[in-house]
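The values are calculated or read from the model by the stated rules, or taken from the named source; none is laboratory data. The shown structure was predicted, so the numbers you read here are calculated from the model rather than taken from an experiment. Cβ placement follows ideal geometry from the backbone for every residue including glycine, while neighbour counts extend to all protein chains displayed. What goes into the accessible areas is simple: the full protein's heavy atoms, side chains included, and nothing from ligands, DNA or RNA. Shrake-Rupley method; radii C 1.70, N 1.55, O 1.52, S 1.80 Å.
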Amino acid sequence: MRQDQFSRLNLGLVEIDRVLGGGLVPGSLILIAGEPGIGKSTLLLQASAMVAGKNKPVVYVSGEESVNQIKLRADRLNISGKELFLLSETNLPVILGHLEQISPALVVIDSIQAVYLENVSGAPGSIAQIRENTLGLMQWVKQNSVPAFIAGHVTKDGSIAGPGALEHIVDVVLYLEGEPFSSYRVLRSVKNRFGSTNEVGIFEMSSNGLIEVKNPSRILISKYDGSAIGSIVVPTLEGSRPLLVEIQALTTPTSFGPPRRIANGIDFNRLLLISAVLTKRAGIKLSNQDIIVNVTGGMKVNEPAVDLGIASAIASSFHDSKPLPGLVVMGEVGLNGELRAVPQLERRVAEAIRLGFKYCLMPRLSSPLSLGDADIQLIEVSSLAEALRLGLSRKSERRTER
Ligand code: TYD
Ligand code: MG
């Protein structure tokens, strides 16, 4: 099928439209995957309402909730409208029959694990059922040039319950992620036949549903007041979007047994590696220290560019020394304590400038950055030890080394 850009259906939710690459392509099948309770149904109901609000019929099929339950949720989200058709149904042929009758502009199937075909073996949610139902839907959306969302529950280890087979049938795969204790949700594209997979949307779960976060950096560092022991602000990239997040570390002497390491929002093995390099290359003895690292706001940061930020936060807590006021930190840390450049440096620095930061601690540049007359001082360093010396202020009554 030939796709042209102009036939895309805009949802009117900027963050989703961006992740989709500029709206929904007719006849595309889009999987929204995420852990149970993360907000898939909420997001899909809100998206449905946006389209229905433009006088385009939308069919929202729930196989998990009764029409009354969906209505209650819709009321909570302040959603109403005559173009929104709510359906509680799990039998695919029956669902397709309704679609033929209503001929909607958008279809939502919530969730793919709940629908079934009688002539396919296995219970709903089994691999064969998920596969055949997805193929059945695919056929309908292609024939009718109507876009459809399907929600898919993901198990804790991140696989879509049942088949990864689903991911290569559908056109677009989006993941809705977040920590259960945090209200922030990240919508990430991992596959997109019609756009880049570099985009992310950021939302906050509120009592009125998911709200788009237009200026995430400001919110994620809102509790940060310039300089605190064990706390470092790092400019990360979420897709192509710069985002400032705060990394906090706490080191305390181990009281019993082997030292503990807890990593929230960063990769556990990365924490082990950075701790080892801190010990070996910066003389910070961590073998008898418990270490906890947190990314505030429940965000996950997984790029190596945050290494130096993690290391600085740990060192700051260990030495009880504050980072320079208004400091952001970036850089990948190598096993020898050497620092490596980070991609898309300008974007990160620009975000730090925009939010009023004064110093940027970073690996030595190979060519100068053009920052105009921006009010930020770049502190270029070549090793971890040098970074800690320049980025952290030492208190005069330093704690004695253990
Ligand atoms: P839900 O969309 O049902 O998750 P999923 O479909 O991915 O399983 O979201 C469920 C959670 O969201 C539930 O814990 C309640 C919360 N929630 C809000 O905080 N605000 C709201 O407006 C709504 C509708 C749900
Ligand atoms: Mg749901």
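For this structure, a couple of remarks:
- Reachable aspartates and glutamates, given that their alpha-carbon falls under 18 Å from the alpha-carbon of residue 280 and they are not under 8 places away in the same chain: 290, 307, 332, 338, 386, 401
- Of interest is the spacing of the C-alpha centroids, which for the stretch 207-232 and the stretch 264-317 amounts to 20 Å.
- Note on the chain: along the principal axes its Cα atoms extend 77, 53, 37 Å, ordered by decreasing extent.
- Percentage relative contact order, the chain, counting C-alpha pairs under 8 Å, at least six apart: 13 percent
- Placing unit charges on each Cβ (+1 for Lys and Arg, -1 for Asp and Glu) gives the chain a dipole about its Cα centre, and among 234, 269, 365 the Cα reaching farthest toward its positive end belongs to 365.
- Basic side chains Lys and Arg get +1 at the Cβ, acidic Asp and Glu get -1 at the Cβ, and with that the dipole of the chain about its Cα centre reaches some 880 debye.
- Lys, Arg +1 and Asp, Glu -1 on Cβ, resulting dipole of the stretch 193-234 about Cα centre, debye, nearest 20: 60 debye
- Note on the stretch 307-363: Cα-Cα pairs beyond 16 Å make up 47% of the total pair count.
- Tail fraction, Cα-Cα pairs, the stretch 186-226, threshold 15 Å, whole percent: 56 percent
- Taking all protein chains as they are arranged and a probe of 1.4 Å, the heavy atoms of residue 89 leave approximately 50 Å² accessible to solvent.
- Bins of 5 Å, starting at 0 and running to the largest distance - Cα pair percent for the stretch 150-291: 2, 7, 13, 16, 16, 15, 12, 9, 6, 3, 0
- With the helix formula -39500 (n - 2.57) applied to DSSP H stretches of n ≥ 4, the chain reaches a computed 222 nm mean residue ellipticity of -8500 deg cm²/dmol.
- Relative pair counts by distance (%), Cα atoms of the stretch 332-382, 10 Å bins: 23, 55, 20, 2
- Other residues with beta-carbon under 15 Å from the beta-carbon of residue 249 carry, at +1 per Lys or Arg and -1 per Asp or Glu, a net charge of -1.
- Each Lys and Arg contributes +1 and each Asp and Glu -1, all at the Cβ; summed about the Cα centre of the stretch 50-170, the dipole is approximately 380 debye.
- Largest first and in whole Å, the equivalent-ellipsoid semi-axes of the stretch 19-123 read 21, 16, 16, each the square root of five times a Cα gyration tensor eigenvalue.
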